[in-house]
Amino acid sequence: MLTLPDNRVPSIYRAGYERAHAANPSLAAKYIHHTLIGDPAADAVAEALTPFDPEQMHRLIQGGMEQDAKIMRDAPQPLRDFFDQIEHPPAWFDPASVRAGCRAFHNDSDVFLSISVVGSIVRGFSTLIGKAFFMTGRITDYGTRRLKQNLRHLVEITLPGGLERQGDGWKLSVRIRLVHAQARRLLRNSDNWDEAAYGMPISAAHLAFSSTLFCAWMLQKVESFGVRPSDEARASYMQIWRYTAFLFGVPETILFRDEAEAMELYRIASFCEPQPDVEEIAMANSVIHAVPLVLGMTDPDARRAKVSALYRVSRVLIGNALADALRFPSQRADGTLAWVRWQRRLLTALDRLIPQTARKRRAKKFTALLDTSMLEDAGIIYRLPDHLSADQASPW
C-alpha cells in the first residue's frame, strides 16, 4: 500500500488527506502522490518549444497532429517522442466501444451540456485547479472563449470517429494537454505558485479528478434530470472519457477503469481538496456569468434572469454546502429537479407519439449545439500561451 510521509503532502492538503486516508488509505495516498506529478512527456515538449514564437509553435504542433513527416523531421526531439508515444491507442481502447456513449450524449445533448457547464466545470474550478487557471487571468472575456473551447471539445469527442487518430476530438484533447503543460511551465517559473503548499500546478491528480466529473459524476447527475442511459451506454460513455483522460496525460497509475472506480476517485479526491479560496470562488462564478455571453444573449434583463436560473441549477447539482462556499446567491431550489424531470418526461412522451417532431427537434438541437461551441477560428489553432498573464500573452 502506498504511504506518504508528512513532508511529501502539500501543506494545503494535509487536513483533507487525513479525512481521505480514514476512508480509503491507498487511494488517498495515491491521489496526494499525483498532486506532486505533472506530465513529463508534455512538459518536455513545452520546455523544448520555449525558443519558438506562437506561430512557429503552431506549425510544429500542427505537423505532429497531421503526421507531416517533413515538418517533424526538423522538430525538437521531445515533440517527436511525444507524438510517437500517443500515435496508437492503448490495448484497452476499442473505437467501436464508444458508439453507444456517443448516441446517448447526442440524444440528450442539452442535458449533458447543461450539467457539464454549471455542474462539472463549476465543480472542477472549486478545487485547487481553479487557483491555477485564475492566475492565468483568463476569466471574464477570456473565460467566454475558454468555455466555448470546452464545449467544442465535448462535442468533438462524442462525434462518431472523433477520438480516432485524425478526429478533431483526438486533436483537441492533445491540444488541451499541451496547453496545460505550457501553463504548468509558466506557473512554475513565476513567483505566483507555491509548490510546497499547493503541489504541482495542473497536476495529474487534478486532471484525473476533472475527468471523473465529466463521466461518472455526469452520469449520476443526468439521471437526476430524468435521463436514463442504458448500462451499455453508461459503460460506453465511460470509455469515451477514459481514453480522453489518457490523451489528457492522466497516467495509468491513477486512471479509472470504469464508473465505480471513477466515483470512488471522485469521493476520495473530494475529501482531499481544500475548501474554495478567493481564486476558486472567482473562477466558479465566472463560468455562470459567461454562459449568457456564449449563448449570444444581449438584453441585460434576459441575461440576469438566465444567470439567476443557472445559479439555481448549479446549486442543485453541486449541493448547498459547496454553493455557499463558492458564495453563490442564496436561493430556494425546491422543485427545480422536479420541474426539469417533468419537462423531460413530457418531451419523451411527445417523441414517442410524433417521431417526425422528435427527429426535427434533435436536428435543431444538434445545429444549435454546433453553433454554440464553434469558435471564429478557421480550423484548430495550436499556438500556446507565451506569457502567464492573458493580457500580456500573444493571441492563442
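Assorted remarks:
- Wholly within the range 132-251, helices (runs of 4 or more DSSP H) carrying at least 2 residues that are crowded, with 21+ Cβ neighbours inside 10 Å and of a type outside the set (Gly, Ala, Ser): 140-157, 168-188, 204-214, 216-224, 231-248
- Selection status of residue 123, of a type in the set (D, E, K, R), crowded, with 23+ Cβ neighbours inside 10 Å and in contact (Cβ under 8 Å) with a residue 60 or more places away in the chain: yes
- Sole exception among (1) part of a loop (DSSP other than H, G, I, E, B); (2) buried (at least 16 other Cβ atoms within 10 Å of the Cβ) for residue 31, by number: (1)
- Of the residues in the range 308-326, none is free of Cβ contacts under 8 Å to residues at least 60 places away in the same chain, part of a loop (DSSP other than H, G, I, E, B) and of a type in the set (Asp, Glu).
- Residue 38 vs. criteria in contact (Cβ under 8 Å) with a residue 12 or more places away in the chain and assigned to a helix (DSSP H, G or I): no
- Hey, residue 89 over 30 Å from residue 282 (Cβ atoms), outside any helix (DSSP H, G or I) and either touching a residue at least 60 places away in the same chain (Cβ under 8 Å) or out of contact with any Cys (no Cβ under 8 Å at 6 or more places or on another chain) (or both) or not: yes
- Test set (1) basic (Lys, Arg); (2) touching a residue at least 12 places away in the same chain (Cβ under 8 Å); (3) out of contact with any Lys or Arg (no Cβ under 8 Å at 6 or more places or on another chain); (4) over 26 Å from residue 45 (Cβ atoms) - residue 257 fails condition number: (3)
- Residue count for the range 180-205, restricted to those that are out of contact with any helix residue (DSSP H, G or I) (no Cβ under 8 Å at 6 or more places or on another chain) and within 23 Å of residue 14 (Cβ to Cβ): 1
- Condition check for residue 281: surrounded by fewer than 20 Cβ atoms within 10 Å (Cβ to Cβ), touching a Leu at 6+ places or on another chain (Cβ under 8 Å), of a type in the set (Val, Ile, Thr) and part of a helix (DSSP H, G or I): yes
Every number in this text was worked out from the coordinates using simple rules, so none of it is lab data. All of these numbers come straight from a predicted model, not from anything done at the bench. Cβ atoms come from the backbone with ideal geometry, glycine included; neighbour counts cover every protein chain shown.
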